[in-house]
Amino acid sequence: MKNQQNAGDIKVLKNLPIFDMSSARMQHATKRHSLIAGNIAHADTPGYIGKDLQKFSVDEMPMGMRATRTQHLNFENSLDPYNGLKDPMKQAAFDQSLNRNKVSVEEEIAKAAEAQASFKLSSGIWSKSMSLFMSVIDSRR
Amino acid sequence: MSDHHLSTMAVASSAMRAQSLRVRLASENLANANSPEYQRRTVVFEVTNPNDDMRDVDFVGIRKVGRDRSEFSMKYDPSNPLANQEGYVVGSNVNSLVEMTNAREANRSYEASLNMFDQARMMQNNLIDLLRR
């Protein structure tokens with residue numbers, strides 16, 4: 001009986017979903033931050049329409065891409081946690097300038113802060129869980 | 001993960017390069033505001049992707065550095081050696097208010113990209129710190 005329980009524990013340790021989840025969320029935040037940087041960079045490019053990712057969700061975790069654009073199907077790594085770009089045309093931007101540029105820098109800055117907070121949160125979770133494991137392994141810590 | 005950080009920094013620096021060209025052109029125009037028959041220079045940005053490693057990243061490129069072909073300013077000054085027969089001197093087509101606004105806007109966009117660069121660097125440091133534990 002005792003042995004069985006130990007085996008179950010090891011299985012939990014093997015999968016470590018908390019680490020999977022937090023690192024997937026970190027990846028999502030990083031990718032989103034990169035897209036936002038692109039949007040801000042193109043704030044003065046005529047006709048540019050901003051890009052964004054869909055919200056991160058744990059339900060879609062074992063993590064096929066949900067492609068909304070054909071260009072984004074051909075990633076080699078099917079474990080990519082971010083799933084497809086939002087269709088940029090449908091995204092309601094705050095304003096549109098004379099050169100048909102649809103990037104609103106104010107909106108993008110808000111999104112960048114959001115992505116950064118999400119990154120901080122998930123890296124915090126990662127390190128907290130790691131120190132939890134470490135405290136079990138090494139009780140002197 | 002960290003290659004997204006790298007692409008963030010690459011995009012931000014391409015934007016900063018483009019915006020500093022814009023500031024440079026604005027200051028060239030301002031400097032030549034009193035040069036006769038000077039056509040102000042303009043710049044148009046575009047989306048480029050010179051880099052095969054980062055296929056899904058939109059870099060900022062320069063589509064064209066052009067000349068503004070609008071009319072020159074005319075000033076009545078018969079005593080000027082450059083005056084034509086009606087006594088008008090042909091100036092440049094630079095409007096210094098427009099140039100100042102342009103330079104200010106370029107400056108702001110530059111700062112925004114610099115902030116994104118800094119944020120990406122902070123996030124990357126954060127990531128590296130996880131390894132130190």
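The values are calculated or read from the model by the stated rules, or taken from the named source; none is laboratory data. Source: prediction; values computed, not measured. Reconstructed Cβ throughout: ideal geometry from the backbone, glycine too, with neighbour counts over all protein chains shown.
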B:Ala120: passes all of (1) small (Gly, Ala, Ser); (2) away from chain A (no Cβ under 14 Å); (3) within 30 Å of A:Met134 (Cα to Cα) but (2)
Within the range A:74-124, the count of residues that are modelled with pLDDT of 80 or more, over 13 Å from A:Arg25 (Cβ atoms) and not in a loop (DSSP other than H, G, I, E, B) comes to 9
Picked from the range B:85-133 (must be surrounded by 13 or more Cβ atoms within 10 Å (Cβ to Cβ) and β-branched (Val, Ile, Thr)), the residue nearest to the chain's Cα centre (by Cα) is B:Val98
The number of residues in the range B:42-92 that are within 19 Å of B:Asn102 (Cβ to Cβ) and hydroxyl-bearing (Ser, Thr, Tyr) is 4
Taking the range A:15-73 and keeping residues in a helix (DSSP H, G or I), charged (D, E, K, R), in contact with a Leu (Cβ under 7 Å, 6 or more places away or on another chain) and modelled with pLDDT under 90 leaves none
Check: Is it the case that B:Ser20 is assigned to a helix (DSSP H, G or I), within 14 Å of chain A (Cβ to nearest Cβ) and surrounded by fewer than 15 Cβ atoms within 10 Å (Cβ to Cβ)?
Finding: yes
B:Val11 meets each of (1) facing another protein chain (nearest Cβ under 9 Å); (2) out of contact with any helix residue (DSSP H, G or I) (no Cβ under 7 Å at 6 or more places or on another chain); (3) among the aliphatic types (A, V, I, L, M) with one exception, condition (2)
Might you let me know whether the range B:62-81 holds any residue that is within 12 Å of the chain's Cα centre (by Cα) and not charged (D, E, K, R)?
yes
Among strands (runs of 3 or more DSSP E) entirely within the range B:40-106, at least 1 residues that are within 14 Å of chain A (Cβ to nearest Cβ) and touching a strand residue (DSSP E or B) at 6+ places or on another chain (Cβ under 8 Å) occur in B:41-48, B:59-67
